[in-house]
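Colleague: Dropping the structure in here first, questions after.
Just so it is clear, none of the values below were taken in a lab; they were calculated from the coordinates. Values in this document were obtained by computation on a predicted structure and should not be read as measured data. Neighbour counts run over all protein chains shown; Cβ positions are idealised from the backbone, glycine included.
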């Protein structure tokens, strides 16, 4: 067994260290480590959770990647596009793309007895991924669409339902303006109410049968407004979007969800900055406390240092002993901090204790993302950084001579 490792463990966990003057300082250092690692865990888990949660909502509702005609207008209304594409219904050349669904969008105005609201009818077909959408349904169910029959069933957002006093099983009339200027109206039946907590969606979208949009635009069944693609890794959608653009016809273009909603994406990037700032501050707090603890330990064990030097131990070996000593002292703090941090995060994950204003954060509850690798990296990084930084204050050992150590002990 390595002598420095054994000796450091002996003085750190031996009985002689339990009732000395440094006990209070050691406890303060361990508490600082516990608080630091707990705050760091909560910051990383909630920060990454929020980033992933918002990105996932953008992607679930609008697709990770959308494909439209290259000359598509800037409005929400869809331009026409043939459904017969080489990448539909399966993007065989890109295994990263796991699902594709055809969509079409048409703007209109819902009119009720006492109010009205501008909306966009998002038409989807039998290829729509209902399972992905189910998590946003507050009540009711998603309509079942048939390839042969046109359906009047739709789902609307909770916000639109509240504004227009609508609910499940009620119906409403929507007016659509045609190119000729003559309005056409359709009556729809509500089967479900959803909420994404994202204003860009909840304020304007009603989801219904794509055949309704095709009939309003006088398209046949082979014409759609675009395609929504879903990938196997939401963190790589920009990279996959580039591959999609290289794989489709030059008359089409692909756009990632993060580009389509650039303002929301810019806001998401703030989480990365916040995570870095908090981790940096917490690491400084932990390191400063451990430096304080190490200096106290060195001063307290000056006699031991002199004795070790008398026996022939080099300065570096003694410094290594005290660095190991400080790291051993960190371990209880790390354990307690991890237990508290993970415990609080699990409570939030399963009981949703902390609520958020959805209009500001795009999320109704504080999100939690727990990953074992992430936790291990955080703890190992804290130990390594502390050990490296502690080599500086441990230089004080080099200044202690055996004669000085013995004189101090005699006094």
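Colleague: Mind checking the full-extension length gain between residue 361 and residue 396? Use 0.36 nm per residue of separation minus the Cα-Cα distance, one decimal, nm.
Modeller: Values: separation 35, 0.36 × 35 = 12.60 nm, distance 4.95 nm.
Working it through step by step, the gained length comes to 7.6 nm.
Colleague: Only counting other Cβ atoms within 10 Å, I'd like 219, 267 sorted with the fewest neighbours first.
Modeller: Ascending Cβ contact count within 10 Å gives the list 267, 219.
Colleague: Let me make sure I get this right: for segment 71-249, a, b and c are the square roots of the gyration tensor eigenvalues over alpha carbons, sorted descending. Under 1.5 in a/c it's rounded, otherwise prolate if a/b > b/c, else oblate. Which is it? Don't jump to the answer; show the numbers that get you there.
Modeller: On the way: a/c = 1.90, a/b = 1.46, b/c = 1.30.
Verdict is prolate for segment 71-249.
Colleague: To continue, here is another question. Working from Cα positions, state the angle (0 to 90°, nearest 10) between the long axis of helix 3-13 and the longest principal axis of the chain.
Modeller: Here the helix axis deviates by roughly 80 degrees.
Colleague: Subtracting the Cα-Cα distance from 0.36 nm times the residue separation, let me have the gained length for residue 168 to residue 112 in nm, one decimal. Intermediate results must be reported in sequence, preceding the final value.
Modeller: Working: separation 56, 0.36 × 56 = 20.16 nm, distance 1.52 nm.
That pair, residue 168 and residue 112, stretches by 18.6 nm at full extension.
Colleague: Quickly rank 374-381, 346-353, 205-212 as a protection proxy: mean count of other C-beta atoms within 10 Å, highest first. Can you show the working numbers first?
Modeller: On the way: 374-381: 14.5, 346-353: 12.9, 205-212: 23.8.
The most tightly packed comes first, giving 205-212, 374-381, 346-353.
Colleague: Here is a follow-up. Just want the ordering: 390, 356, from fewest to most Cβ atoms lying within 10 Å of their own Cβ. Let's see the in-between values first.
Modeller: Working: 390 23, 356 15.
Ascending number of Cβ neighbours within 10 Å: 356, 390.
Colleague: Further, regarding this structure: Taking the Cβ-Cβ separation of residue 98 and residue 139 as r and a Förster radius of 25 Å, what is the calculated FRET efficiency to the nearest 0.05?
Modeller: Values: r = 29 Å, r/R0 = 1.14.
Efficiency at R0 = 25 Å is approximately 0.30.
Colleague: Pairs of Cα atoms under 8 Å, at least six residues apart: use those to get the relative contact order of segment 71-249, whole percent.
Modeller: Values: 347 pairs, mean separation 56.6, N = 179.
Relative CO of segment 71-249 lands at 32 percent.
Colleague: So if R0 is 60 Å, what FRET efficiency would residue 179 and residue 376 give, r being the distance between their Cβ atoms, rounded to the nearest 0.05?
Modeller: Values: r = 60 Å, r/R0 = 1.01.
Efficiency for this residue pair is about 0.50.
Colleague: Let me ask another. Stretch residue 354-residue 189 to full length: gain in nm at 0.36 nm per residue minus the Cα-Cα span?
Modeller: Working: separation 165, 0.36 × 165 = 59.40 nm, distance 3.56 nm.
Gain on stretching residue 354 to residue 189: 55.8 nm.
Colleague: Under 1.5 on a/c is rounded, so check that first for segment 188-243, then, if it is not, pick prolate when a/b is larger than b/c and oblate when it is not; a ≥ b ≥ c are the square roots of the alpha carbon gyration tensor eigenvalues.
Modeller: Numbers: a/c = 2.83, a/b = 1.29, b/c = 2.19.
Oblate is the answer for segment 188-243, as a/c is 1.5 or above yet b/c matches or exceeds a/b.
Colleague: Of all beta bridges DSSP finds with both residues in segment 71-249, what is the antiparallel percent, to the nearest 5?
Modeller: Working: 32 of 42 bridges.
Of the beta bridges lying entirely in segment 71-249, close to 75 percent run antiparallel.
Colleague: Given only helices, namely DSSP H runs of n ≥ 4 each adding -39500 (n - 2.57), what is the per-residue ellipticity at 222 nm of the chain, to the nearest 500 deg cm²/dmol?
Modeller: On the way: 14 runs with 205 residues, N = 411.
Mean residue ellipticity at 222 nm (helix-derived): -16000 deg cm²/dmol.
Colleague: Could you tell me the distance between the Cα centroids of segment 198-222 and segment 256-302, to the nearest Å?
Modeller: 46
Colleague: Please check: in the Gaussian network model of the chain (C-alpha springs, under 10 Å), which one of 126, 314, 174 has the largest mean-square fluctuation.
Modeller: Among 126, 314, 174, the largest GNM mean-square fluctuation belongs to 314.
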